[in-house]
Amino acid sequence: MKRWLFLGIVLTLTGLVLVHPLFAAPKRIAVLTPYLASVTTNEMIQAFVNFAREKGWEVTVIDTKGDFGALANRWEDVIAQKVDAIVMGMGDPNQFKKQIEMANEAGIPVFGGDAGYIEGMVCNVTSNNYVLSAQITSYLIDKLQGKGKIAKLYHSAHPGVQKREVIFDAIVRNTPGIEVVAEHWVQVPGPIEDARRAVQNILLAHPDINAIWAAWDEPAIGAALAIREAGKEGQVIVTGIDGNRQALEMIRDGSPIIATVKQDFVTIARILAEQVEKVFAGEEVTERVLYAPSPLVTKENVEQFLTQ
């Protein structure tokens, strides 16, 4: 009798271990990105990893260093491993429609962190890239008093950056005094050095250029370095978007970068973790795109962002 009683207790305790949330296996999340070398991508993903670990989840970060073919294969790898969720850390989900469909079929929810949104994803958490571009482009054109020659540094492979370009192009079309004299697709990884080399050539071809519009801060930094090397500080101004620390410091120190728009990547990561938690709890996420705030930063207010 004692033997059967002991066996019953063991079986009961085993059942508790299997079903009680305190003893449940931790949720496994795969974060997939082609852009971990980017300062801002790294900041957002690291913040998400920190939030996730606080919730007891296991997170694997996979970076393919700009190789989208390899990224598609890694999507399929983590789907085969039956992770509990996939987060796309920037990048264009349209390039991974097949893989997102595969994840759906496997019952794996897919989230975007500063990526685009397509059908099949739970949601994307980002800044409003149309607003980012409207803020910085309007500021730049106001600084030029509606007249001048501009070079455009861009990278349309990122859906957020592509939205910034759309607004830049629309504002420029409606400003007859502005002429875009050069455009350059910035290579990633290595956007600072690539932009530096490109702007060196642009300055030679267009010595009377007035400004560089960069779709994000790293090419803005490269442009500022090229302007300094050419001895054109005070003649050519630069704007960026993101608010990474190096750009903020350069604004403070009076470099050619005069403004950026600060994305709050920690808040993006926090909101993203909250949406993942909802899905894990069986709740419905009703908003497909969620936005974090994004203030304009100039020399007048940069110090408050450097002390955050």
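The values are calculated or read from the model by the stated rules, or taken from the named source; none is laboratory data. Please read all numbers here as calculations on a predicted model, not as lab measurements. Counting neighbours? That spans all protein chains shown, and the Cβs are built from the backbone with ideal geometry, glycine included.
Return yes or no: is Pro34 in contact with a helix residue (DSSP H, G or I) (Cβ under 8 Å, 6 or more places away or on another chain) and at pLDDT 50 or above? It would help to see each step written out before you state the result.
Working: in contact with a helix residue (DSSP H, G or I) (Cβ under 8 Å, 6 or more places away or on another chain): yes; at pLDDT 50 or above: yes.
Yes, satisfied.
Filter segment 220-240 for residues that are within 23 Å of the chain's Cα centre (by Cα) and closer than 23 Å to Lys147 by Cα; which is surrounded by the most Cβ atoms within 10 Å (Cβ to Cβ)?
Applying the filter and picking the extreme gives Ala220.
Residue-wise test of (1) in contact with a strand residue (DSSP E or B) (Cβ under 8 Å, 6 or more places away or on another chain); (2) closer than 24 Å to Leu248 by Cβ; (3) modelled with pLDDT of 95 or more.
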position: Ala134; (1), (2), (3): no, yes, yes
position: Tyr139; (1), (2), (3): yes, yes, yes
position: Lys149; (1), (2), (3): yes, no, yes
position: Asp169; (1), (2), (3): no, no, yes
position: Thr175; (1), (2), (3): no, no, yes
position: Val188; (1), (2), (3): no, yes, no
position: Arg196; (1), (2), (3): no, yes, yes
position: Ile209; (1), (2), (3): yes, no, yes
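Looking for whichever is more than 21 Å from Ser294 (Cα to Cα), of a type in the set (Gly, Ala, Ser) and over 20 Å from the mean Cα position of the chain (by Cα) here; the options are Ala170, Ala157, Ala198. Which one fits?
Sole residue among the options that is more than 21 Å from Ser294 (Cα to Cα), of a type in the set (Gly, Ala, Ser) and over 20 Å from the mean Cα position of the chain (by Cα): Ala198.
Within segment 269-279, is even one residue assigned by TED's automatic domain parsing to the domain that holds Glu58 and over 21 Å from the mean Cα position of the chain (by Cα)?
yes
Residues are listed down the side, and each one gets a yes or a no for (1) β-branched (Val, Ile, Thr); (2) at pLDDT 95 or above:
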residue: Val87; (1), (2): yes, yes
residue: Asp92; (1), (2): no, no
residue: Ala103; (1), (2): no, yes
residue: Pro109; (1), (2): no, yes
residue: Ala115; (1), (2): no, no
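Going through segment 46-73 one residue at a time, which ones are assigned to a helix (DSSP H, G or I) and either under 22 Å from Ile271 (Cβ atoms) or of a type in the set (Lys, Arg) (or both)? Write out each step before concluding.
Going residue by residue through segment 46-73, those that are assigned to a helix (DSSP H, G or I) are 46-54, 68-73.
Matches in segment 46-73: Gln46, Ala47, Phe48, Val49, Asn50, Phe51, Ala52, Arg53, Glu54.
Got a sec? Which strands (runs of 3 or more DSSP E) wholly within segment 228-308 have at least 2 residues that are over 19 Å from Gly113 (Cβ atoms) and in contact with a Phe, Trp or Tyr (Cβ under 9 Å, 6 or more places away or on another chain)?
In segment 228-308, the matching strands (runs of 3 or more DSSP E) lie at 237-239, 257-261, 296-298.
For segment 23-37, give me each residue that is of a type outside the set (A, V, I, L, M) and within 16 Å of Gly113 (Cα to Cα).
Thr33, Pro34, Tyr35 - these are the residues of segment 23-37 that are of a type outside the set (A, V, I, L, M) and within 16 Å of Gly113 (Cα to Cα).
Considering each residue of segment 77-93, count those that are more than 13 Å from Val31 (Cα to Cα) and in contact with a helix residue (DSSP H, G or I) (Cβ under 8 Å, 6 or more places away or on another chain), and give that number.
The number of residues fulfilling the criteria is 2.
Go through (1) farther than 30 Å from Ile257 by Cα; (2) surrounded by 14 or more Cβ atoms within 10 Å (Cβ to Cβ); (3) free of Cβ contacts under 8 Å to residues at least 40 places away in the same chain and name the single condition Glu105 misses.
With (1) farther than 30 Å from Ile257 by Cα; (2) surrounded by 14 or more Cβ atoms within 10 Å (Cβ to Cβ); (3) free of Cβ contacts under 8 Å to residues at least 40 places away in the same chain applied to Glu105, the lone miss is (2).
One line per residue, one yes/no per condition, for (1) in contact (Cβ under 8 Å) with a residue 24 or more places away in the chain; (2) outside any strand (DSSP E or B); (3) farther than 30 Å from Glu179 by Cα:
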{"site": "Ile86", "(1), (2), (3)": "yes, no, yes"}
{"site": "Gln99", "(1), (2), (3)": "yes, yes, yes"}
{"site": "Phe111", "(1), (2), (3)": "yes, no, yes"}
{"site": "Tyr117", "(1), (2), (3)": "yes, yes, yes"}
{"site": "Val125", "(1), (2), (3)": "yes, no, yes"}
{"site": "Val131", "(1), (2), (3)": "yes, yes, no"}
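Among (1) under 25 Å from Lys163 (Cβ atoms); (2) surrounded by 14 or more Cβ atoms within 10 Å (Cβ to Cβ); (3) not acidic (Asp, Glu), where does Gly69 come up short?
With (1) under 25 Å from Lys163 (Cβ atoms); (2) surrounded by 14 or more Cβ atoms within 10 Å (Cβ to Cβ); (3) not acidic (Asp, Glu) applied to Gly69, the lone miss is (2).
Considering every residue within segment 135-146, establish whether at least one is free of Cβ contacts under 8 Å to residues at least 24 places away in the same chain and either in a helix (DSSP H, G or I) or of a type in the set (A, V, I, L, M) (or both).
yes
How many residues are surrounded by 12 or more Cβ atoms within 10 Å (Cβ to Cβ) and under 21 Å from Arg270 (Cα atoms) if we restrict to segment 294-308?
Looking only at that region, the number is 4.
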